[in-house]
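Structure, as structure tokens:
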Amino acid sequence: MENHQKRTLTFLIIGLIFMLSGIEYAVILPTIWRYLQILEAPPYFLGLGLSAFSLSALLTGPLFGVWSDRSKTTKSIILFSNLFEIAGNFMYFIGYSKWLLLCSRLVAGAGSSIFGFLTRSTLPEERAGIFAAIMACRQAGLLIGPAFNLFLRLCDFKLGPFVVNKYTSPGIFMCLLWTLLQFIILAGYWDVPAISSQGGVVVLEMKQEEEEEAPLMGSDEDEARTYRTVDFDQSETSSASQRAHETSNPFKNFSVSNEFLREEVVVLLTAQFITLFNQTALETMVTPLTQRYFSFGELGNSLMYSLCGVEVIVGFFFVRWLSSKVADRVVLAVGLVICSTACIWCLVFLCKPRGGFEWQLSAFIVGVFLQLLGLPFVAVSQVSLFSKVTAEKTQGFSQGVRRSVGGLATILGPLWAGGLTNNLYIMLGMMLALLVMITVMTVLSYERLAEPRVVQCAQSADSGR
């Protein structure tokens, strides 16, 4: 199998991993509250259960990232991290107590840093489009998940000593899906050679053992496109030796402060935090809001989430197309404007609804539509930009840090919104303040939100004038 085919198949499997994570969220979220009530859990356990998953991601993201950077492989890491998903979902299925249920979400949250692998395996100009497609796969899972609930809620039997009902069945169902995925990964996932960009020239880096075991791509045309020619003089030989040493030890001369306290990196990590904080806060707010004003039940909420999923998927694929036409920072700026507009709309029309039922429902639909419209713009652009302004050799760790920041946001977002569902002015006002802050930061750092070589070229052009 040629490297191009391996790469395509690997990306498809990564999309499947993201889709399963979306399905898991969609099949567990609708029933976890009632499940906790049956286990006599107090109301705050719902927030703890949802936050436990994010806490695990916050703690394990950088660790898996370091492992990925040092080994330059991800297949074994994904197989290992999926064992936590299998164990966590089986614990959720058993569900003898509220504490076991809480631990099940904590265990299931441990995951690998896949975006680090995607960064090493893609060209800068195609990265945003691939990230958008991968993120859309998770949204597809969120859309498909409710369909599985149609038959999971009918379960009512025993499996040995375990009871299988509409509350426990999502656990065993996801356990089986993640187990099946393990075999798919074993059969079709490849640690494809990394593609890096140095001085505008594309270089394909391959570990020595991979060169011995796997044939290179056979086409002369592909070789001419992929590999750069080297003049074997003394300077080139020493440079190659130095690069090989850096590859074997990616953290040599690495400084956390130099890497993450740069202006553009701080802006993008802040964008990551604010995006997920606002998103999870809104997700927490929506269900009580629809119940209070529109008397939505399970069917109404399921239909609403399905329509939201369709919009977000379309949004991701639109951003995939748009990212090939304009720079990532333009996409980010557009997304922040849309999100700010949506937050202002919600402050004006949702905090104190006016008019009749039809007007209130229309105002709610417009607010949700605008919030979801801006999400793909910000999510894709900040991940793509982050991968370009941080070092390629430590992408696993860097993406793990980004994932930890996101995990912190998804812990704090529901906690913030959960206590303020009756004080929407305060809740939405804080969200708008955060959006204004990151928008100002983006404007002030706009010139630096680009690949380092692009920034250098712009600075050289300015000095030339």
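The values are calculated or read from the model by the stated rules, or taken from the named source; none is laboratory data. Note that the structure is predicted; figures quoted are calculated from it, not measured. Heads up, the Cβs are rebuilt from the backbone with ideal geometry, glycines too, and the neighbour counts pull from every protein chain shown. Side chains are part of the model used for accessible areas, which takes the heavy atoms of the whole protein and leaves out ligands, DNA and RNA. Shrake-Rupley method; radii C 1.70, N 1.55, O 1.52, S 1.80 Å.
Some notes on this structure:
- Pairs, first assigned by the TED database to the domain that holds residue 182 and crowded, with 22+ Cβ neighbours inside 10 Å in segment 51-76, second modelled with pLDDT of 80 or more and of a type in the set (Asp, Glu), C-beta under 9 Å, six or more apart: 74/191
- Output for segment 70-79, where each listed residue is over 19 Å from the mean Cα position of the chain (by Cα) and in a helix (DSSP H, G or I): 70, 71, 76
- Matching residues in segment 30-49 - criterion: being touching a Leu at 6+ places or on another chain (Cβ under 8 Å) and open to solvent by less than 70 Å² (accessible area, probe 1.4 Å): 32, 35, 36, 39, 41, 45, 46, 47, 49
- Flag: residue 26 does not match the condition of being over 27 Å from residue 313 (Cβ atoms), open to solvent by less than 20 Å² (accessible area, probe 1.4 Å) and either within 15 Å of the chain's Cα centre (by Cα) or small (Gly, Ala, Ser) (or both).
- Candidates in segment 176-190 are the residues that are touching a helix residue (DSSP H, G or I) at 6+ places or on another chain (Cβ under 8 Å), farther than 26 Å from residue 310 by Cα and in a helix (DSSP H, G or I); of these, the one that is most open to solvent (accessible area, probe 1.4 Å) is 186.
- The residues of segment 284-312 that are open to solvent by 30 Å² or more (accessible area, probe 1.4 Å), of a type outside the set (S, T, N, Q) and part of a helix (DSSP H, G or I), listed by number, are 288, 292, 293, 298, 299, 303, 305, 307, 310, 311.
- Residues located in segment 90-140, provided they are assigned to a helix (DSSP H, G or I), among the polar types (S, T, N, Q) and within 20 Å of the chain's Cα centre (by Cα): 119, 139
- Among (1) at pLDDT 85 or above; (2) within 28 Å of residue 129 (Cα to Cα); (3) open to solvent by less than 50 Å² (accessible area, probe 1.4 Å); (4) not small (Gly, Ala, Ser) - the single one residue 346 does not satisfy: (2)
- Leading residue by the ranking (nearest to residue 383 (Cα to Cα)) among those in segment 117-157 that are among the hydrophobic types (A, V, I, L, M, F, W, C) and open to solvent by 60 Å² or more (accessible area, probe 1.4 Å): 144
- Flag for residue 160 being surrounded by fewer than 20 Cβ atoms within 10 Å (Cβ to Cβ) and over 30 Å from residue 402 (Cβ atoms): yes
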